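Structure, as structure tokens:
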Amino acid sequence: MTTDVQRLNDVLRPAAPPRVMQDLYTEDQHARMLGVIRDRGPWPTIGAHHFDTVEELVATSNGGSAERVDYTLDDIASAHFRGFFAENSVVYYPELHDCFYNDRFLGLAKDYWGGAEYARPTMMLFNFCGPHRSGLNSHLDAVTFRGIRIENSPVWLQNVMGRSGLFTEHLVKMAQVITWWYLGENGTFTYWPDGPLGDPQRLEHPLWNKGVVVQNEAMFHRGDPVGRPDERDTPGLKHRSLIGYDAEHDDWAVTTDGDVIRRYRPDEMRLLVHWNAEVYSDLDEVKKNMDHSDDLTHDIVFDRLLADMRTRGIKVPEPSDPLHDQDFIRALIAAYSITPAKDWARPAA
């Protein structure tokens, strides 16, 4: 094992193992969240929220090759859909005020980080799907740094920074409360709490109002394929496809350019709700985050990444537009490539 790979493995371990919990929301809160999903759609695919190219997706999941490929985002689209209940500490739907500004969850987040003094909710999203073919590639959630955040940076860059281990002194402490509602087949949650070189663990059924408190930004994880293998195909699915509730049929319709390509019964649907908070050990850490006195900039980040690659003998030309230069993104994938070595789905060598 090379020193670089071991170093990356040590970086990609959460602050504490995930804490499995039951009954995280009330039945009324669950009903209100489902009401927003039903009434405010349709909703785009997860990929459409975050990626404009295949290279950007690979740089986030790091589950594929760093070489140029001929796939398009349509070729690898997944019938897994996403929407946001809240972003940048603002809840979008008044009926979900208590779900987002959640005193119990804030306590869980602070306790997860060893009794931190402060926390604030930052984001709340949902993933929604029926049986579908999702990839088995694991990933990190968007890693947050002082100055480099999801509000001003692409997810792929945040995750390359996280995997590089070059910016840990600027890492913002985060905790997530992630909850599932799904009683169908498969659709479990696999995660690597001991780093990508360690053994995986799986959150098993029943997955009804069951969840974890975790630091998903520092732990490889994935949602496993949903439903039976023979019911996962979605012919006609594209990167731009949408899902919405069809009141006339009382079902969920996946559409591409307005044409229905798949329908799901309500009992087939899998809902994940992801609540996110920033956590601060003390008031000094709060102020450092809020006054921006120790922020990274994109220029600092790219200079540090380029310097590190060149120190390691990796030849990479100066990118003219590093946020969109696909050759540069492929170089970053290759330079900071690590993915779980042991997997439930693939026997260990």
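Annotations for the structure displayed:
- Placing +1 on the Cβ of every Lys and Arg and -1 on the Cβ of every Asp and Glu, with no other charges, gives the stretch 213-349 a dipole of roughly 760 debye about its Cα centre.
- Taking all protein chains together and rolling a 1.4 Å probe, Leu242 ends up with roughly 60 Å² accessible.
- For the stretch 1-51, the gyration tensor built on C-alpha atoms gives an oblate shape. Its axis ratio a/c (a ≥ b ≥ c) is at least 1.5, and a/b is not larger than b/c.
- Length-normalised contact order for the stretch 97-177 - Cα pairs under 8 Å, 6+ apart - percent: 28
- With 23 Å as the limit, the listed pairs Lys173/Lys288; Lys110/Lys288; Lys110/Lys287; Lys110/Lys342; Lys210/Lys342 have Lys110/Lys342; Lys210/Lys342 beyond it between alpha carbons.
- The slack in the chain from His249 to Glu185, taken as 0.36 nm per residue of separation less the alpha-carbon distance, amounts to 20.7 nm.
- The accessible-area ordering, largest first, of the residues Asp321, Asp39 stands as Asp39, Asp321, per a 1.4 angstrom probe.
- Over the chain, Cα pairs under 8 Å with separation of 6+ residues give a relative contact order of 27 percent.
- Leu166, Leu183, ranked by accessible area, largest first (probe 1.4 Å): Leu183, Leu166
- Both radii come from the Cα set of the chain: Rg as radius of gyration, Rh as Kirkwood radius; their ratio Rg/Rh reads 0.95.
- For His298, the solvent-accessible surface computed with a 1.4 Å probe is close to 50 Å², ligands and nucleic acids excluded.
- Farthest positive-ward along the chain dipole, Cα basis, beta-carbon charges - from Trp208, Pro196, Ala253: Pro196
- Solvent-accessible area assigned to carbon and sulfur over the stretch 73-207 amounts to 50 percent, based on a 1.4 Å probe.
- The stretch 267-339 shape via C-alpha gyration tensor axes, a/c threshold 1.5: oblate
- Dipole magnitude of the stretch 135-293 about its Cα centre (Cβ charges: Lys, Arg +1; Asp, Glu -1), debye to nearest 20: 340
- Probe 1.4 Å, protein heavy atoms only - accessible area per residue of the chain in square angstrom: 45
- Which of Thr122, Pro94, Asn137, positive extreme of dipole for the stretch 80-137 (C-beta unit charges): Asn137
- Cα centroid separation, the stretch 94-110 to the stretch 187-223 (Å): 22
- Charge dipole of the chain (Cα centre as origin; +1 on each Lys and Arg Cβ, -1 on each Asp and Glu Cβ, all else neutral): 680 debye, rounded to the nearest 20.
- Cα gyration tensor shape of the stretch 220-349, rounded if a/c is under 1.5, else prolate or oblate by comparing a/b with b/c: prolate
- Estimated distance in nm for a label pair at Ser89 and Leu136, the labels positioned 7 Å out from Cα along Cα-to-Cβ: 4.3
- Solvent-accessible surface (1.4 angstrom probe) belonging to Val172, in square angstrom, nearest 10: 0
The values are calculated or read from the model by the stated rules, or taken from the named source; none is laboratory data. Please read all numbers here as calculations on a predicted model, not as lab measurements. For neighbour counting, all protein chains shown are included, and Cβ atoms are generated from backbone atoms with ideal geometry for every residue, glycine included. Ligands, DNA and RNA are stripped out before the accessible areas are found, and what is left, the full protein with its side chains, is counted by its heavy atoms. Shrake-Rupley method; radii C 1.70, N 1.55, O 1.52, S 1.80 Å.
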